[in-house]
Amino acid sequence: MKSKQSRREFLRITAAGTFGAIVLSQYGCKNKLASKAVVSDPKTFGIGLQLYTIRDAMTADVPGSLKKVSDMGYKYVELADYKDGKFYGYAPAEFKKLVNDLGMEILSSHTQVEGAGVTLDTAKKMAEDHAIIGSKYCIQP
């Protein structure tokens, strides 16, 4: 069994770790920020948003909400509204066009379990629709 660490040893290890993190983060930032494209376009960072976090706005105005998300610099979105073969009330190809025209990509989709449960037919339809929108992941709770 290991003996207790002294306060002095703890502070020495913490200081060394902090120093290392600062040095490494500064080195990483210099390389990434060297290009003006990275600084001027946040989408190059590849940040995504789960649309469930703005579900009320998406219910009120899908195109306007997506535009705001794009303007904030998000590159990827995860969907949270798939029912009756539609995403937020839009056919798969139509919704994909909305997202892609704003310079974003659909990374994943979070779908709902129907009251009757998932059947082979509904699972097949869901897979086909998600293939159309180009989603890499489909999460079924």
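The values are calculated or read from the model by the stated rules, or taken from the named source; none is laboratory data. Predicted model, so just to flag it, every value in this text is computed and none were measured. In this analysis, Cβ positions are derived from the backbone assuming ideal geometry, glycine residues included, and neighbour counts consider all displayed protein chains.
Tabulated data for the structure shown
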quantity	calculated
Scan of the range 57-87 for residues that are hydroxyl-bearing (Ser, Thr, Tyr) and touching a His at 6+ places or on another chain (Cβ under 7 Å), ordered by number	none
3 or more residues more than 23 Å from residue 64 (Cα to Cα): qualifying strands (runs of 3 or more DSSP E) within the range 74-141	137-139
Only one of 25, 40, 6, 35 that is over 27 Å from residue 108 (Cβ atoms), exposed (fewer than 10 other Cβ atoms within 10 Å of the Cβ) and modelled with pLDDT under 75	40
In the range 52-69, residue nearest to residue 140 (Cα to Cα) [restricted to those that are buried (at least 18 other Cβ atoms within 10 Å of the Cβ) and within 17 Å of the chain's Cα centre (by Cα)]	58
